[in-house]
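Have a look at the structure below, then the notes.
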Amino acid sequence: MSFVVVWIDSEHARLFELRAEGHADKHQITRHEPDHHTHARHEGPAHDEHFFHQVIAKLDNASKVLVVGPGLARTHFQTHLTNHHHTALAKKIVGNEPLDHPTDNQIEAFGRKFAVDHKLEIA
């Protein structure tokens, strides 16, 4: 079980599984267009669902999840968890914080500071 920081925007998700010994396992997910033959950008619930399910699949071992990012994607992700029967994962969300476009090191540091400030254990 682990503490995972998910930085998410409308196109990417970067996941950082924080480790007590000071490093983090990192994963990146890029939203792919469902039809690469068209130039129009596909939006909407079905497209969001596919992207969100890719992120959810990487959170199987998470015991605590901090969701961060710019704009509304982080809020839409958390709403998706609640509205689409991912209640067990939704209950693991310990925070939803705005964080513009930081570097990987800044995301990791933000997650560690959040854990300390909220007295959350990093395994």
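Observations
- Normalised alpha carbon radius of gyration of the chain [divisor 2.2 N^0.38 Å]: 1.05
- Taking other C-beta atoms within 10 angstrom as a stand-in for reagent exposure, Lys113, Lys92 fall in the order Lys113, Lys92, fewest first.
- Coordinate range of the alpha-carbon atoms in region 57-123 per principal axis, descending: 32, 28, 20 Å.
- Each 5 Å bin, from zero up to the one with the longest distance, holds this percent of the alpha carbon pairs of region 83-122: 5, 19, 22, 22, 16, 13, 3.
- Remark on Leu99: its backbone amide H falls under 5 Å from those of Gly69, a criterion applied only to residues 5 or more positions apart or on other chains, H modelled at 1.01 Å from N.
- Rounded to whole numbers, the Karplus 3J(HN,Hα) couplings from phi for region 49-56 are 4, 4, 4, 5, 5, 5, 5, 4 Hz, using 6.51 cos²θ - 1.76 cosθ + 1.60 with θ = phi - 60°, and x at Gly and Pro.
Taken together, the values in this text are just the output of simple stated rules run on the coordinates, not laboratory data. Given the structure is predicted, the values throughout are model-derived calculations rather than measurements. Heads up, the Cβs are rebuilt from the backbone with ideal geometry, glycines too, and the neighbour counts pull from every protein chain shown.
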